[in-house]
1. Leaving ligands, DNA and RNA out of it, report the carbon-plus-sulfur percent of the accessible area of region 94-225 at a 1.4 Å probe.
2. Which whole-Hz ³J(HN,Hα) couplings does region 7-19 yield from phi under the Karplus relation 6.51 cos²θ - 1.76 cosθ + 1.60, θ = phi - 60°, glycine and proline marked x?
3. Under a point-charge model restricted to the Cβ atoms of Lys and Arg (+1) and Asp and Glu (-1), what is the dipole moment magnitude of region 2-84 relative to its Cα centre, in debye to the nearest 20?
4. Where the centre of each part is set by its Cα atoms, how far does region 212-274 sit from region 75-97, in angstrom?
5. Lysines near Lys147 by alpha-carbon distance under 16 Å, same-chain residues fewer than 8 away left out - which ones?
6. What do you get for chymotrypsin sites (Phe, Trp or Tyr not before Pro) in region 172-270 restricted to DSSP loop and a cutoff of at most 16 other Cβ within 10 Å of the site's Cβ?
7. Quick one: of Lys56/Lys285; Lys48/Lys125; Lys164/Lys223; Lys94/Lys202; Lys152/Lys267, which pairs are farther than 31 Å apart, Cα to Cα?
8. For labels at Arg289 and Met378 in the simple 7 Å Cα→Cβ model, what's the distance in nm?
Amino acid sequence: MKALTELFSKLVDKIRGVEYIDEATLQEIAREIQRTLLKADVPLDLVKTFTDNAVKRIREEKPPAGIPPREYLIYVLYEELVKLMGGEQPAEFKPTKKPYIVLLLGVEGSGKTTTSAKLARYLMKRGYKVGMVETDTIRPAAFDQLKQLAEKIGAPFYGERDGKDAVEIARRGVTNLKGVDVLIIDTAGRHRNEEALLQEVKAIYDAVNPDEVVLVVDATVGKLAAAQAEAFMKYLPIHTVIITKMDSTARGGGALAAVAKTGARVKFIGVGEDVEELEPFNPRKFVARLLGMGDLDALLEKIKAVFEEEEVLEEIESGRLDLLTFKKQIDSLMKLGPLSKVFQLLPGGLAAKISEEQIELSQKNLKKWRAILSSMTMEELKNPDILNASRIRRIALGAGVTPKDVKEMLTVYENLKKMSKTLKRQMRLRMAR
Ligand SMILES: Nc1nc2c(ncn2[C@@H]2O[C@H](COP(=O)(O)OP(=O)(O)OP(=O)(O)O)[C@@H](O)[C@H]2O)c(=O)[nH]1
Ligand SMILES: [Mg+2]
């Protein structure tokens with residue numbers, strides 16, 4: 001991951017470094033995006049459409065208020081990269097019957113045997129009983145390799161050291177390890193053109209009728225991963241792809257993009273030689289990490305909050321600042337953390353009117369207010385005017401506070417309502433900008 005992460009963090013640093021985004025800067029950033037993707041070995045046609053799309057969005061979309069254009073640019077980059085790497089939904093690995101038979105295949109040295117053990121370990125940690133079968137009769141050491149890994153993680157193993165017939169070994173493996181939840185069958189390495197070996201995999205497939213066929217691809221092949229996947233797909237259905245050695249090359253980015261384009265789903269990535277070093281592949285989390293997770297999280301939250309804030313402002317403008325709106329606003333504030341940050345997002349004039357003490361006080365009060373508002377009926381939230389002494393007593397009791405607390409909150413609400421006139425004007429000014 002290191003090489004790829006470094007590549008993208010350089011890009012992000014570059015974008016963060018720009019003062020403002022004019023056409024020349026945008027062109028420069030577009031070229032930088034292209035260079036980065038090409039270095040990650042993303043196929044040229046994908047690089048081109050990616051960059052065109054991103055630039056178009058940056059030109060046409062207005063960043064929400066309070067979000068600097070360059071931050072919004074990173075957000076657009078993030079969203080587009082998620083699409084490039086396989087989209088929104090992470091594909092889950094879920095055994096649906098017992099035994100669930102998994103067949104691993106891939107070219108020579110791609111990491112099949114190691115990945116068999118990693119996948120077994122992953123599933124065992126989640127409570128599955130997993131058995132492993134070695135069918136490699138080509139490389140003499142393969143039997144020992146998987147057997148040792150099986151012993152290391154404590155999984156039942158079947159193999160035949162001097163076996164000659166991979167199909168028969170697979171069959172006997174299935175019979176011998178019947179009691180497990182998941183059965184992982186490792187196969188011999190093969191080059192794409194070795195017709196005989198591909199035929200053998202197909203014969204194993206026909207013999208054991210696996211529930212999931214997993215193609216193991218080495219990240220260092222980069223964009224060629226697509227051709228590899230397609231070659232195998234001619235012989236048998238590929239349900240899942242695992243990309244190994246993501247830790248050792250930036251080309252893994254290209255491999256992911258290329259595989260995504262074939263329509264195959266990447267479910268895991270291998271990030272090291274150890275049996276623990278297998279990660280479920282989640283495009284969102286993966287891209288977030290590429291771009292510097294911490295920062296990005298904060299930015300995504302901020303953008304969401306601004307959109308929510310704008311919704312509330314719209315309600316205020318339409319003259320509906322009732323307690324329900326007030327409650328929504330408090331809910332969205334509570335999701336955001338430090339209030340001082342939030343107030344910075346408010347229209348300038350308004351933010352200046354709010355003192356540090358007020359901010360601190362509000363922070364403390366938010367929880368209390370939310371409890372109070374949650375004790376109100378919908379009728380009360382929509383018509384605060386009906387709140388009389390006896391209703392206030394009931395609400396205080398429900399929220400575990402004093403009637404004085406309820407009245408205090410109502411005062412704040414009334415003030416806010418008065419302020420909403422200013423807010424309206426501020427908002428129009430901002431919209432006009
Ligand atoms: N750095 C790194 N190395 C890996 C990863 N996965 C596998 N390897 C290494 O890649 C080499 C080949 O792995 P194997 O599991 O033997 O590959 P194979 O596909 O079974 O190989 P054949 O059976 O010979 O075709 C070994 O040295 C592994 O340790 C990974 O995610 N990261
Ligand atoms: Mg092997």
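The values are calculated or read from the model by the stated rules, or taken from the named source; none is laboratory data. From a predicted model like this one, the values you see are computed outputs, not experimental measurements. Neighbour counts run over all protein chains shown; Cβ positions are idealised from the backbone, glycine included. Remember, those area values only see protein heavy atoms, side chains included, never the ligands or the DNA or RNA. Shrake-Rupley method; radii C 1.70, N 1.55, O 1.52, S 1.80 Å.
1. Values: 2740 of 5630 Å².
The C+S portion of the solvent-accessible surface of region 94-225 is 49 percent.
2. 4, 6, 5, 4, 4, 5, 4, 4, 5, 4, x, 7, 7
3. On the way: 14 positive and 15 negative charges, 34 e Å.
The calculated dipole for region 2-84 is roughly 160 debye.
4. 14 Å
5. Lys112, Lys118
6. On the way: sites: Tyr205, Phe232, Tyr235, Phe268; in loops: Tyr235.
Qualifying residues, ordered by number: Tyr235.
7. Details: Lys56/Lys285 25 Å; Lys48/Lys125 42 Å; Lys164/Lys223 35 Å; Lys94/Lys202 23 Å; Lys152/Lys267 24 Å.
Listed pairs above 31 Å: Lys48/Lys125; Lys164/Lys223.
8. Distance between label points: 4.4 nm.
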